[in-house]
Amino acid sequence: MIVRGTSASVGRLLRVGAAGAFGLAVVGVVLGLAAGIDPTLAPSPPPSPGDWLAALQALDPLAFVWAAIGLTIALPTASVVLAAVGFTRAGDRRAAATAALVLVTLGCALLIAIVVG
């Protein structure tokens, strides 16, 4: 059954994503401790989108921590997108529509957050 495959795919995405986020956070903390960064200080802002890759390649500890945070934030939305695709392929219109409405709600919330600041 394809819906069962969709559930397995979503579960796999969440497991791999959570492990990846944990790994990024651990790398960031270890690099930070090695660099003598005091974890009790206020965090710096995340790198700009164009600087993410360069900051990670430079082994910037805070870039790894921010990447872990970003991945953690993106995982639920990615899982709903994956579920919507799976439900659509399975022909389950009701579940696909529900997933699509969740994505619309998330998009509206993001838009409001950007506009309001």
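The values are calculated or read from the model by the stated rules, or taken from the named source; none is laboratory data. Just so we're clear, the structure is a prediction, and the values are computed from it rather than from any experiment. So basically every Cβ, Gly included, is an ideal-geometry build from the backbone, and we count neighbours across all protein chains shown.
A compact table of results
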{"quantity": "So R4, is it at negative phi, at pLDDT 95 or above and charged (D, E, K, R)", "calculated": "no"}
{"quantity": "Conditions (1) farther than 22 Å from L13 by Cα; (2) exposed (fewer than 13 other Cβ atoms within 10 Å of the Cβ); (3) hydrophobic (A, V, I, L, M, F, W, C): number failed by V104", "calculated": "(1)"}
{"quantity": "Residue count for region 49-71, restricted to those that are under 23 Å from L14 (Cβ atoms), touching a helix residue (DSSP H, G or I) at 6+ places or on another chain (Cβ under 8 Å) and small (G, A, S)", "calculated": "2"}
